[in-house]
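Heads up, the thing below is written out as C-alpha cells.
Bear in mind these aren't lab numbers, they're just calculated from the coordinates by the rules spelled out. Keep in mind that what you see is a predicted model, and the values were worked out from it rather than measured. When we count neighbours, we look across all protein chains shown, and the Cβ atoms used for this are built from the backbone with ideal geometry, even at glycine.
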C-alpha cells in the first residue's frame, strides 16, 4: 500500500461517494440560493444570514475538496475476497472476549471515515484494532487502556 493511499471497505467508499454527490447536487445549490436571498436583503455588513451562509458555503466547499482528495487516494478492500490465513487484517470482522469481564464483542476493522463504535465498526488506527491486527483465533491481544492493560482473546475471524 502506497503511503498516500487510504484503506476503506467497499461500503465505506460508497458512503464517501454518496456524501460527495449530496454535497454537489443538494447542499451546494441550496447554499448558493441562501446566499442570493441574503444578498437581496441589502446591507451585507450587518447581515447575519449572509455571514452564516458564507460560512456554510466555505465548509461545504472544504468538505467537497477533502472528499475528492480522499476518493482519489482510496484503496478499496473487499473483506469477502481476503485470504489472510485466519489472521486479523483490515476489513476483517473479529469476535473477541474481554478476559476480565468475559464479555464478547464483535468488531469490523474499517477505515477512519467508516468507524462507528455503536455499529460495531472500529477504525484501523484505534488502539484495539492495532492490537488485534495480525492475531489469529486463540491469540491474546493486549490493549493499553486508561485503567491499565486490557486483554482480549480472539475467538473468531470472519472475512465477509
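Antiparallel beta bridges, as assigned by DSSP with both residues in the chain, represent about 75 percent of the total such bridges. With contacts taken as Cα pairs under 8 Å at a separation of at least 6 residues, segment 67-160 carries a relative contact order of 32 percent. When the helices of the chain are scored as -39500 (n - 2.57) per DSSP H run of n ≥ 4 and the total is divided over every residue, the value at 222 nm lands at -11500 deg cm²/dmol. The value given for segment 6-76 is a Kirkwood hydrodynamic radius of 13.5 Å, derived from the mean inverse Cα-Cα separation. Evaluated at q = 0.14, 0.25 Å⁻¹, the base-10 log of the normalised Debye intensity for segment 79-158, with identical point scatterers placed on the Cα atoms, takes the values -0.40, -1.28. Starting from the Cα of residue 47, step 7 Å toward the Cβ, then list every residue of segment 10-34 with an amide N under 17 Å from that point. It comes to 30-34, nothing else. Once divided by 2.2 N^0.38 Å, the Cα radius of gyration of the chain becomes 1.42.
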